[in-house]
1. Would you confirm, using the coordinates I've provided, whether residue 127 is more than 16 Å from residue 43 (Cα to Cα) and either surrounded by fewer than 12 Cβ atoms within 10 Å (Cβ to Cβ) or modelled with pLDDT under 85 (or both)?
2. Report yes if residue 112 is out of contact with any strand residue (DSSP E or B) (no Cβ under 8 Å at 6 or more places or on another chain), of a type in the set (S, T, N, Q) and open to solvent by 20 Å² or more (accessible area, probe 1.4 Å), otherwise no.
3. How many residues are under 13 Å from the mean Cα position of the chain (by Cα), more than 14 Å from residue 54 (Cα to Cα) and either hydrophobic (A, V, I, L, M, F, W, C) or not in a helix (DSSP H, G or I) (or both) if we restrict to the stretch 87-118?
4. Only residues in the stretch 105-127 that are touching a residue at least 60 places away in the same chain (Cβ under 8 Å) count as the first member; pair them with residues that are of a type in the set (Lys, Arg) and open to solvent by 90 Å² or more (accessible area, probe 1.4 Å), Cβ under 6 angstrom, at least 6 apart or cross-chain, and list the lot.
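The values are calculated or read from the model by the stated rules, or taken from the named source; none is laboratory data. Every value quoted in this text rests on a predicted model; they were computed, and no experiment measured them. Quick reminder, even Gly has a Cβ in these numbers, built from the backbone with ideal geometry, and neighbours come from all protein chains shown. Just so you know, the surface numbers come from the protein's heavy atoms only, side chains and all, with ligands and any DNA or RNA stripped out. Shrake-Rupley method; radii C 1.70, N 1.55, O 1.52, S 1.80 Å.
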Amino acid sequence: LYENKVYTYSFYICIVNYRIKKKGDQLHGKNFSQRVKDVLGYSREEAERLQNSYIGPEHLLLGILRDGSGKAIEALRHLGVQLAELKASVEKDLRLSNDHINAGDEITISKSTDKVLKMSILEARIL
């Protein structure tokens, strides 16, 4: 439960901090800043590297950790989170999961990740 809150909180901070652009490239019909697009790309690469068939909030967190900067990282450090330990723990859990990709399968965004993205977009608009 703690880790799920950290995943959601971290990505939420990342989205809110970097705001949604008014114009520019779109990902799934949404305009994101370049930094958010980078984190989403890293998240996809992490899912591929760990051979998972989906991009979940835990992959978003790995993408944020891989980016290594920004308010999300600052918040985690402020909370006393050991980033290397968190990364290792998340990777271990993902490797132990039964949801691995088969050759030719497409990686999808999970419902929980879609919800995190939508909530983040709404919150960014409010700010």
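1. Criteria met by residue 127.
2. On the way: out of contact with any strand residue (DSSP E or B) (no Cβ under 8 Å at 6 or more places or on another chain): yes; of a type in the set (S, T, N, Q): yes; open to solvent by 20 Å² or more (accessible area, probe 1.4 Å): yes.
Spelling it out, residue 112 is indeed out of contact with any strand residue (DSSP E or B) (no Cβ under 8 Å at 6 or more places or on another chain), of a type in the set (S, T, N, Q) and open to solvent by 20 Å² or more (accessible area, probe 1.4 Å).
3. So the count comes out to 3.
4. 124/19
Here's the yes/no breakdown for (1) loosely packed, with under 14 Cβ neighbours inside 10 Å; (2) among the aliphatic types (A, V, I, L, M):
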| residue | (1), (2) |
| --- | --- |
| 39 | no, yes |
| 53 | no, no |
| 59 | no, no |
| 68 | yes, no |
| 76 | no, yes |
| 82 | yes, no |
| 85 | yes, no |
| 100 | yes, no |
| 121 | no, yes |
